[in-house]
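The values are calculated or read from the model by the stated rules, or taken from the named source; none is laboratory data. Nothing here was measured: the structure is a model prediction, and the numbers come from that model. We place every Cβ from the backbone using ideal geometry, glycine too, and count neighbours over all the protein chains shown.
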Amino acid sequence: MLRTLLGEPPRENSGVLAEAMDNMAKVASMLRKEMNTHQDRDHEYRKLEIWTRGLISSLDELEQSWFAAAFYRKSVVAGYMDDMSPTEQGEYARYVYFYKDGFIRVFSLLDKLGTVLNSLYDLNTGKVKAHFSYFTVLRQFQLLQAHNPLAHELEKIRSSYREPVENLRKRRNAEIHYMNAEMTDDLWQRHQGLHDKIQLEDLDSHLEDLRQSLEMVCKSLAAAFRYSNEQWHKNKAASSQRSEHRQP
């Protein structure tokens, strides 16, 4: 959608983004088949299907936010706010909007994934913490020693992207609880010299944090839904074998 508004061609999914999208689509299709076969009287399959399709939409929106932020960043060439023309100030404001939208979506999407994993694998994370996050769910996997292959893979992904995700978490917290994230650097600079020109934050570094966090999200989704699909096929195969053994 945003690419069209920006005059860019539609996105063609590739790499980890395509893998995440494909794995989620497979699980959504699997859940739909289960609903058709077993009628889903408690609506559990339906709930999980809606959540999964919601994750697909959320990932699409996160990627678009990153793309739009990177698009508008190209038009920001001045190093100081005072040196910007009105046009460039508008481009910078649009960059900030989509950058902030992106880093807020990173944690929103991870927490949605945590909710799905908690339900899929009966982790009961809500008993540990009423308003739990994705990272609480990862700790619950370890505490229960449940689904270790998935737990270890998700933890490895989290550790690999610890720094960029932590950078975004600090900016997210500043944005939500204290002040606009892009103004925290301005405040520090005012402490250094009250009448000095305000230098822009490191836009490229911030965008790279967002890009890497998007990659972390993609890899986490791909791993979680690949594992779920594999588990479903294993359970179906085991169920078929049991049925065959019961036959006279």
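Some observations on this one:
- Set 72, 97, 92: member being part of a helix (DSSP H, G or I), free of Cβ contacts under 8 Å to residues at least 60 places away in the same chain, surrounded by 13 or more Cβ atoms within 10 Å (Cβ to Cβ) and in contact with a Lys or Arg (Cβ under 9 Å, 6 or more places away or on another chain): 72
- If you go through region 125-156 and pick out every residue that is part of a loop (DSSP other than H, G, I, E, B), over 18 Å from the mean Cα position of the chain (by Cα), at negative phi and surrounded by 12 or more Cβ atoms within 10 Å (Cβ to Cβ), you end up with 3.
- Being aliphatic (A, V, I, L, M), under 19 Å from the mean Cα position of the chain (by Cα) and in a helix (DSSP H, G or I) is a description that applies to residue 55.
- Any chance residue 167 is modelled with pLDDT of 90 or more and either part of a helix (DSSP H, G or I) or surrounded by 15 or more Cβ atoms within 10 Å (Cβ to Cβ) (or both): yes
- Flag if residue 128 is of a type outside the set (S, T, N, Q) and either within 23 Å of residue 206 (Cα to Cα) or in contact (Cβ under 8 Å) with a residue 24 or more places away in the chain (or both): no
- Top-ranked residue in region 1-18 [being out of contact with any Lys or Arg (no Cβ under 8 Å at 6 or more places or on another chain) and in a helix (DSSP H, G or I); ranked as surrounded by the most Cβ atoms within 10 Å (Cβ to Cβ)]: 17
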